[in-house]
Amino acid sequence: MELVWFKSSHSTNEGGACVEVAETTAAVLVRDSKDKSGPHLAFDPTAWRAFVAFAARAEV
């Protein structure tokens, strides 16, 4: 299965500090956009949704 990676529309790319996200049925994967062949983090989809909801509420 080919992963489809995407950046947030809120990504500013200032200093190259961006992450990319790919979703599968089992996990949400996060990687450094500058190191596409490097390691990635894997999150349970439910935990990822909770994190995104929290981050959206915490935006200033």
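Looking only at region 37-46, which residues are part of a loop (DSSP other than H, G, I, E, B) and at pLDDT 95 or above? Break it down into steps so the answer makes sense when it comes.
First, pick out the residues of region 37-46 that are part of a loop (DSSP other than H, G, I, E, B): 37-39, 44.
Matches in region 37-46: D44 only.
I'm trying to understand the selection: among the residues of region 13-36, which are among the small types (G, A, S) and modelled with pLDDT under 90? Give the derivation first.
Quick first cut of region 13-36, residues among the small types (G, A, S) only: 15-17, 22, 26-27, 33.
The answer is G15, G16, A17, S33.
What are the pairs, 6+ residues apart or on separate chains, where a residue within region 27-47 that is under 13 Å from L3 (Cα atoms) has its Cβ under 6 Å from a residue that is assigned to a helix (DSSP H, G or I) and not basic (K, R)?
Cβ pairs passing all conditions: V28/P45; V28/W48.
Identify the single condition in (1) modelled with pLDDT under 85; (2) more than 12 Å from the chain's Cα centre (by Cα) that L3 does not satisfy, given that it satisfies every other one.
(1)
Does V52 meet the test of being among the hydrophobic types (A, V, I, L, M, F, W, C), surrounded by 11 or more Cβ atoms within 10 Å (Cβ to Cβ), modelled with pLDDT of 85 or more and in a helix (DSSP H, G or I)? Spell out how you get there, then give the answer.
Numbers: among the hydrophobic types (A, V, I, L, M, F, W, C): yes; surrounded by 11 or more Cβ atoms within 10 Å (Cβ to Cβ): yes; modelled with pLDDT of 85 or more: yes; in a helix (DSSP H, G or I): yes.
Yes, satisfied.
The values are calculated or read from the model by the stated rules, or taken from the named source; none is laboratory data. Note that the coordinates shown come from a computational prediction; the quantities given were computed from them, not determined experimentally. Positions of Cβ are generated from backbone atoms using ideal geometry, with glycine treated the same way; all protein chains shown enter the neighbour counts.
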